[in-house]
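Participant: Below you'll find the structure I mean.
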Amino acid sequence: PDVHLKADAGDDLVGQVGKQVTLNGIRSAPRGRIGYRWMQVEGPPIPLKIEEGYTYTFVPDAAGTYRFVLVVAWESAISAPDEVEV
């Protein structure tokens, strides 16, 4: 089947050191039948992270710019990455 995959990592966010930040990829398509993969591509290493489907939660322990990409997959197809900055 021809499925249009689209990763949407959400809007850029402003976070605070020591406070939980949640990235949200709920606007990715098609909703419900896809796998999500969050990857950090820039910024201080994250000691604690929780990846649960379309959300990705972390607690920054250092000031800086954190950049992540989200890709979604269905069967053997993978979307183009979408980027979000915190």
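The values are calculated or read from the model by the stated rules, or taken from the named source; none is laboratory data. Please read all numbers here as calculations on a predicted model, not as lab measurements. We place every Cβ from the backbone using ideal geometry, glycine too, and count neighbours over all the protein chains shown. When the accessible area is computed, the model is the full protein with side chains, heavy atoms only, and any ligands, DNA or RNA have been set aside. Shrake-Rupley method; radii C 1.70, N 1.55, O 1.52, S 1.80 Å.
Participant: Please work out which residue is most open to solvent (accessible area, probe 1.4 Å), limiting yourself to the stretch 43-55 and to residues that are at pLDDT 90 or above and touching a Ser or Thr at 6+ places or on another chain (Cβ under 7 Å).
Facilitator: Tyr54
Participant: Being over 13 Å from Ala9 (Cα atoms), open to solvent by less than 70 Å² (accessible area, probe 1.4 Å) and either part of a strand (DSSP E or B) or of a type in the set (D, E, K, R) (or both) narrows it down to one residue among Ala73, Ala62; which is it? Talk me through it step by step, then tell me what you get.
Facilitator: Values: Ala62 fails: either part of a strand (DSSP E or B) or of a type in the set (D, E, K, R) (or both).
The unique qualifying residue is Ala73.
Participant: Hey, another quick one. What is the one condition in (1) assigned to a strand (DSSP E or B); (2) more than 16 Å from Ala7 (Cα to Cα); (3) not small (Gly, Ala, Ser) that Ile46 does not satisfy?
Facilitator: (1)
Participant: Which condition number in (1) crowded, with 16+ Cβ neighbours inside 10 Å; (2) closer than 16 Å to Glu83 by Cα is the one that Lys6 fails?
Facilitator: (1)
Participant: Within the stretch 32-52, how many residues turn out to be free of Cβ contacts under 8 Å to residues at least 24 places away in the same chain and over 9 Å from the mean Cα position of the chain (by Cα)?
Facilitator: Taking the stretch 32-52 and keeping what is free of Cβ contacts under 8 Å to residues at least 24 places away in the same chain, we get 32, 44-52.
Adding the requirement that they be over 9 Å from the mean Cα position of the chain (by Cα) leaves 32, 44-50, 52.
Qualifying residue count for the region: 9.
Matching residues to (1) open to solvent by 80 Å² or more (accessible area, probe 1.4 Å); (2) in a loop (DSSP other than H, G, I, E, B); (3) at pLDDT 95 or above:
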{"position": "Asp11", "(1), (2), (3)": "yes, yes, yes"}
{"position": "Gln16", "(1), (2), (3)": "yes, yes, yes"}
{"position": "Leu23", "(1), (2), (3)": "no, no, yes"}
{"position": "Val69", "(1), (2), (3)": "no, no, yes"}
{"position": "Glu83", "(1), (2), (3)": "yes, no, yes"}
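Participant: Among the residues of the stretch 25-42, write down those that are closer than 15 Å to Thr57 by Cα and open to solvent by 30 Å² or more (accessible area, probe 1.4 Å).
Facilitator: Of everything in the stretch 25-42, those that are closer than 15 Å to Thr57 by Cα and open to solvent by 30 Å² or more (accessible area, probe 1.4 Å) turn out to be Ile26, Tyr36, Arg37, Met39, Gln40.
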